[in-house]
Amino acid sequence: GAGVSQTPSNKVTEKGKYVELRCDPISGHTALYWYRQSLGQGPEFLIYFQGTGAADDSGLPNDRFFAVRPEGSVSTLKIQRTERGDSAVYLCASSLYFGAQETQYFGPGTRLLVL
Amino acid sequence: GIQVEQSPPDLILQEGANSTLRCNFSDSVNNLQWFHQNPWGQLINLFYIPSGTKQNGRLSATTVATERYSLLYISSSQTTDSGVYFCAVAPYSGAGSYQLTFGKGTKLSVIP
C-alpha cells in the first residue's frame, strides 16, 4: 500500500481481555517499530523488528505485551489480561532499512480503550 | 536515556503570522525528525534533519548538532497548520540508538 496501515482503528475491550493489534508496513520496508502514545504525551518506543526478529523489545512495559512479525512484513502486537492503564493510541512505523539514520513513517494508530 | 525538550508547549497564532518552534536534546544524535500530528492523530513527516538546513514550501528546519538544538520555522501560517508538532531523536550510539525519543510537542492553534 501507499502508507503504513493499522487495524482496527479503534478497539474497546473489557479489563482482563486479550487484544491483538495489526500493522501493515509500507511495501518493501524491512524495519518495523511499535510506539504507544498516551493522551497529551509524545509517542514512546515499545519494540522494533529487523526482518522477522525483534531487535529491541526494551520498551515493552511488562510480559503481558508481546509482538510478532512471522514473515517479515505484517506485525501483530498482542496484549494479554488488559488493564485500564493500557488505554492509549498504539502507533506502528516502518523504515526502508534497519538503521539509526532511517526515516520512520507512521501509521494512523489504533485507539485502545480498556473499560 | 536522551532527553528532548520542546518549546513553547502551546502557541496561538493569527493566520498569516510566522513562528519558530524549538527542540533541545541532551546528547549527540544520529537521527532527528520533525512531525506534525493533525487533529485526527496522524503523524506526518515534515523533515529528516540530524544536521543542516532544509526547506519545504512554507516550512523550513535547521539543526545545529554541535549545540544540540533544532528549529522549525513556519511562515505565513494557515489554519491547516494547527495541530501538535513533535521533534523526535535517536542518540548517536549506545542503547536506544535505533528508537526515536519524542519530545512532549508544541500545540499550535492558528486562528482565522
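Taking a ≥ b ≥ c as the square roots of the Cα gyration tensor eigenvalues, with a/c under 1.5 meaning rounded and otherwise prolate when a/b beats b/c, else oblate, which class fits region B:32-112? Oblate, because a/c is 1.5 or more while a/b does not exceed b/c.
In whole angstrom, how far apart do the alpha carbon centroids of region A:2-36 and region B:3-70 sit? Between the Cα centre of region A:2-36 and that of region B:3-70, the gap is 26 Å. Applying 0.36 nm per residue to the separation of B:ARG22 and B:THR53 and subtracting their alpha-carbon distance, the gain on full extension is 9.8 nm. Among the chymotrypsin sites (Phe, Trp or Tyr not before Pro) found in region A:42-115, those both in a DSSP coil and sparsely packed, with 15 or fewer other Cβ atoms within 10 Å of their Cβ, are A:TYR97. A:LEU91 sits among other residues whose Cβ lies under 15 Å from its own Cβ, and their net charge, with Lys and Arg +1 and Asp and Glu -1, is +1. Considering region A:14-96 at the alpha-carbon level, its Rg and Dmax are found to be 12.5, 37 Å. Subtracting the Cα-Cα distance of A:SER5 and A:VAL68 from their residue separation scaled by 0.36 nm leaves 21.1 nm. Modelled spin-label separation between B:LYS104 and A:LEU96, with each label point placed 7 Å from Cα along the Cα-to-Cβ direction: 3.6 nm. Shape of the protein assembly as shown from the C-alpha gyration tensor: prolate (a/c of 1.5 or more and a/b above b/c, with a ≥ b ≥ c the square roots of its eigenvalues). The simple spin-label model puts a point 7 Å past each Cα toward its Cβ; for A:ARG22 and A:THR76 those points are separated by 0.9 nm.
Read the figures in this text as sums done on the coordinates, not as results from a lab. Worth saying up front: this structure is predicted, and the values here are computed from it rather than measured. Note that each Cβ is placed from the backbone with ideal geometry, even for glycine, and that neighbours are counted across all protein chains shown.
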